[in-house]
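Asker: First the structure, then my questions, so here it is.
The values are calculated or read from the model by the stated rules, or taken from the named source; none is laboratory data. The structure displayed is predicted, hence computed values, not measured ones. Neighbour counts are summed over all protein chains in view; Cβ atoms, including those assigned to glycine, are modelled from backbone coordinates with ideal geometry. When the accessible area is computed, the model is the full protein with side chains, heavy atoms only, and any ligands, DNA or RNA have been set aside. Shrake-Rupley method; radii C 1.70, N 1.55, O 1.52, S 1.80 Å.
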Amino acid sequence: LHTGKAETPAESEIITFDVMGQRGDFASLLTIHDSSSHWMIDCGSNTTYRYELLPLLRHRGINHLDGLFLSHGDQGHMGAAPLVLTQLHPPLLFEPRAENRAAAYPDTVALADSLGIQRHSLSEGNRLTLSDSVKCEVLAPFLNSEERFADDRALVLKLTSGDWSILISSDAGFETEKRLLESDALLDSDIW
């Protein structure tokens, strides 16, 4: 995120992979320069991770993550989680405080537990500090929600870095979007 001044280096940057078509995969890499930290929001399927995300990580010399966010139970968003946990060793795993029925989820949980990775369940109102300059507010899932569809149990995150804000709505479904619009959540963002 650039401050707008050409001579000022970026405080952080986010690279997003949104693979449409047959896979519908999604993954984002957030690099925070002031803390030299790397966070991943979803990791795509095994195919997207191996052939698109992993080459970028290698090119940038990234062999460790500070944390992994899994937005919801969708193979195209979290299918590669076991590979990411094994290869990039994030000490923290964040997931929605909602049921996850993805095929990769039981293996992901078992692997995270066996590797001693701290798992955190998130819901609306949670706030995280990713670095001195980057904060994260969880806007969804809602505490009192028992939605049928995985998309309505997805994490919706608002990242702020200085004066910039990014709204990451993942695959938020109709019910989640409706509740967000009806809530007091501050949805205004520079990037969606």
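Asker: In a GNM of the chain with a 10 Å cut-off on Cα contacts, which of HIS72, HIS33, HIS59 has the highest mean-square fluctuation?
Answerer: Answer for the Gaussian network model of the chain: HIS59.
Asker: Here is a follow-up. Using Cα springs under 10 Å in a Gaussian network model of the chain, which residue among LEU122, LEU30, LEU155 shows the largest mean-square fluctuation?
Answerer: LEU30
Asker: Expressed as a whole percentage, what fraction of the accessible surface of the chain belongs to carbon and sulfur atoms when a 1.4 Å probe is rolled over the protein heavy atoms?
Answerer: Values: 4880 of 9780 Å².
Ligands and nucleic acids excluded, carbon and sulfur reach 50 percent.
Asker: Could you give me the ³J(HN,Hα) list for the range 180-192, computed from phi with Karplus coefficients 6.51, -1.76, 1.60 and θ = phi - 60°, whole Hz, x at Gly and Pro?
Answerer: The phi angles translate into 5, 5, 7, 8, 8, 4, 7, 8, 4, 8, 6, 9, 10 Hz.
Asker: In Å², what does the accessible area per residue of the chain work out to with a 1.4 Å probe? Mind showing how you got there, number by number?
Answerer: Numbers: 9780 Å² over 192 residues.
In whole numbers, the chain has 51 Å² accessible per residue.
Asker: Determine ³J(HN,Hα), in whole Hz, for all residues of the range 86-100 in sequence, where each value follows from phi through the Karplus function 6.51 cos²θ - 1.76 cosθ + 1.60 and θ = phi - 60°; x replaces Gly and Pro.
Answerer: Those phi angles translate into 6, 8, 10, 6, x, x, 10, 10, 10, 8, x, 7, 7, 4, 10 Hz.
Asker: Related question: Relative to the Cα centre, what is the charge dipole magnitude of the chain, using +1 at the beta carbon of each Lys and Arg, -1 at the beta carbon of each Asp and Glu, and rounding to the nearest 20 debye?
Answerer: Values: 15 positive and 29 negative charges, 110 e Å.
For this selection, approximately 520 debye.
Asker: Next question. Just to check I understand the Karplus step: with θ = phi - 60° and J = 6.51 cos²θ - 1.76 cosθ + 1.60, what whole-Hz values come out for the range 52-67, glycine and proline as x?
Answerer: Per residue, the Karplus-derived 3J(HN,Hα) values read 10, 6, 4, x, 5, 4, 5, 4, 8, x, 8, 10, 8, 10, 7, x Hz.
Asker: Report the local net charge at GLN87: Lys and Arg +1, Asp and Glu -1, summed over other residues whose C-beta lies under 11 Å from its C-beta. Intermediate results must be reported in sequence, preceding the final value.
Answerer: On the way: positive: ARG50, ARG58; negative: none.
It works out to a net charge of +2.
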